[in-house]
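What follows is a set of notes on a single structure, which appears directly below.
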Amino acid sequence: MRIFSFILPSRVSGLLFSEFLLTFGSYLLACFIFVQGSALAYLNGENGWLRLALVSFSVLIGIFVNNLYARARVDSRVALVLRLCNVFGIALVFQGLSAYLLAGLSLPRLVMVGGSALAFVTLTAWRIFYSAVILRMVGTQNILFIGNDSVLEEIASRVREHPELGFGIAGYIATSAEEPESHGRSGALGQLLGTIDDLESVALRVKAQRVIVGMLQRGLELPVPVLLAMARRGVAIEEESVAYESLCGRVCSRELRPSQIIFHNELAARPGSVALQSIYTNLLALAAIIVTSPVLILCALAVKLTSKGPLLQPQLRVGLHGIPFSLHRFRIHSAGSANPAGESLDGRLTTVGRWLHKLHLVHLPCLFNLLRGEITLVGPRPERPEFADELSRYFAYYQQRHSIKPGMTGWSQINTSSPDGEVDSLRQLEYDLYYTKHISLALDAYILLHGLRAALPFARH
């Protein structure tokens with residue numbers, strides 16, 4: 001259940017459900033206002049309820065596409081209005097397609113326009129109220145930190161940036177080595193509230209509901225009776241590595257110990273989840289090859305007829321258990337402008353290659369890698385062997401990411417994409433290890449939805 005709480009925190013799921021009800025209610029009210037004759041007769045006799053549900057669902061898709069569920073807090077009302085305009089633009093496009101393809105499931109014009117206007121005003125007001133009031137009042141758990149290190153600071157930063165997680169920062173307890181005059185000082189972890197000797201009184205005063213213990217405290221003598229008494233009162237006591245994983249969505253490599261892998265095999269993927277992933281990957285790959293076969297044939301002919309050279313550009317990548325394989329894509333460079341690994345040397349794109357790259361059709365031959373089981377839809381990024389060898393020398397647990405197949409998209413890809421192209425290899429590894437540990441159908445579906453959203457030209461990232 002932890003993965004569900006990370007993917008869809010209770011506050012976000014509550015926001016999603018409430019927005020569906022508000023949207024449905026707006027279109028329902030418009031139906032009673034604009035439908036000629038009996039609105040109830042229209043709803044009951046002409047699939048009216050289904051039509052309202054479909055258009056409300058299309059609005060939720062638009063909200064997801066515009067990334068409004070990733071951050072429930074409203075930082076700019078102007079940005080919110082602009083994004084909601086995009087949302088209802090998507091809903092109107094969906095309704096236009098429904099009118100063209102499925103005329104029996106589209107709403108009357110006045111109901112659609114009037115309901116959209118009402119839903120736009122309602123959702124704007126609700127988002128602002130939810131951000132200003134609900135996020136601050138409902139279900140906030142106060143976190144008290146013991147210690148002061150970089151891992152705890154990252155946890156605190158995550159909590160501040162995402163109030164929809166439902167946590168607040170009460171402050172932190174310092175080590176006994178910290179100077180007394182620093183008491184009351186504010187920092188990344190909030191206010192310094194005292195030392196370990198003051199833990200019980202401080203926890204009661206700030207009404208702490210979760211205590212996170214930093215790794216620097218392991219060598220010190222913790223007040224075990226106090227911690228046991230707090231746990232009996234219902235206060236959650238966690239090590240920072242556990243809290244880091246559940247709140248940040250990645251494994252804390254700085255606290256990862258060899259014994260966790262050697263004796264407990266904590267990062268091992270569950271065999272049942274891996275088998276299920278292989279089944280649905282093969283089925284989807286076969287279906288995708290059949291559906292896209294006309295496009296594949298046209299692209300292949302265009303490449304062969306417009307430039308000299310091979311049809312495909314193989315790219316050497318590291319696969320399951322570190323075994324290299326060739327990842328195929330259409331050749332988009334002129335002959336001789338790529339090395340044997342398929343990497344561009346001088347970037348001389350052919351005319352057809354430029355269009356294939358622009359239309360995101362370059363990697364269509366990867367469908368055959370999927371069908372052969374060399375990669376999956378979701379998994380760690382397939383790296384070049386020389387990069388993998390170099391990173392293995394820097395990061396002790398890098399080879400652990402090769403315990404599952406690489407993927408076309410993955411948990412690290414959707415969480416570490418940067419507009420300036422900078423790559424944090426350690427953070428990518430932490431996300432990959434998290435995915436390896438928590439691989440599941442629900443997590444794969446969440447990643448694929450984000451991948452589809454990223455491919456949409458009108459999506460807000």
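Each reported figure results from applying straightforward, stated rules to the coordinates on display, with no laboratory input. These numbers were taken from a predicted model, which means no experiment stands behind them. Cβ: placed from backbone, ideal geometry, glycine included. Neighbour counts: every protein chain shown.
Quick one: putting +1 on the C-beta of Lys and Arg, -1 on the C-beta of Asp and Glu, what dipole do you get for the chain around its Cα centre, in Debye to the nearest 20?
So the magnitude is around 1660 debye.
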Legend entry - Cross-link pairs beyond the 25 Å C-alpha cut-off, checked among 405/437; 308/358; 304/405: 304/405
Legend entry - Farthest toward positive dipole pole in the chain [+1 Lys/Arg, -1 Asp/Glu at C-beta], among 312, 66, 325: 312
Inset, instruction - Would you kindly state how much longer the chain becomes between residue 363 and residue 191 on full extension, computed as 0.36 nm times their sequence separation minus their alpha carbon distance, in nm to one decimal? - result: 56.8 nm
Inset, instruction - For segment 83-98, take each phi angle, set θ = phi - 60°, evaluate the Karplus expression 6.51 cos²θ - 1.76 cosθ + 1.60, and give the result in whole Hz per residue in order, putting x for glycine and proline. - result: 5, 5, 4, 5, 4, 6, x, 5, 5, 5, 5, 4, 5, x, 5, 5
Inset, instruction - Could you check how many percent of all C-alpha pairs in segment 2-137 are farther apart than 21 Å? - result: 42 percent
Inset, instruction - Averaging over all projection directions, find the projected area of the Cα convex hull of segment 271-455 and quote it in nm² with one decimal place. - result: 10.6 nm²
Legend entry - Sum of -39500 (n - 2.57) over DSSP H runs of 4+, divided by residues of the chain (222 nm, nearest 500): -16500 deg cm²/dmol
Inset, instruction - Might you report the magnitude of the Cβ-based charge dipole of segment 238-343 about its Cα centre, with Lys and Arg at +1 and Asp and Glu at -1, to the nearest 20 debye? - result: 780 debye
Legend entry - Magnitude of the charge dipole, segment 62-181, Cβ model with Lys/Arg +1 and Asp/Glu -1, debye to 20: 1000 debye
Inset, instruction - Mind giving me the FRET efficiency for residue 355 and residue 78? R0 is 45 Å, r the Cβ-Cβ distance, nearest 0.05 is fine. - result: 0.80
Inset, instruction - Could you run the Karplus curve 6.51 cos²θ - 1.76 cosθ + 1.60 with θ = phi - 60° over segment 140-151 and give me ³J(HN,Hα) per residue in whole Hz, x for Gly and Pro? - result: 7, 9, 7, 9, 10, 8, 10, x, 8, 9, 5, 5
Inset, instruction - Using only the Cα atoms, work out Rg/Rh for the chain, with Rh taken as the Kirkwood radius, to two decimals. - result: 1.03
Inset, instruction - Extending each Cα 7 Å along its Cβ direction at residue 268 and residue 226, get the distance between those two points in nm, one decimal. - result: 4.0 nm
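Quick check: from the Cα gyration tensor, does segment 56-133 come out rounded (a/c under 1.5), prolate or oblate?
Here segment 56-133 falls in the prolate category.
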Legend entry - Rounded if a/c under 1.5, otherwise prolate or oblate - segment 141-248, Cα gyration tensor axes: rounded
Legend entry - Hz values of 3J(HN,Hα) by residue in segment 57-71 - Karplus curve (6.51, -1.76, 1.60), Gly and Pro given as x: 5, 5, 5, 4, 4, x, 5, 5, 4, 8, 6, 8, 9, 6, 9
Legend entry - Fraction of beta bridges assigned by DSSP in the chain that are antiparallel (%, nearest 5): 35 percent
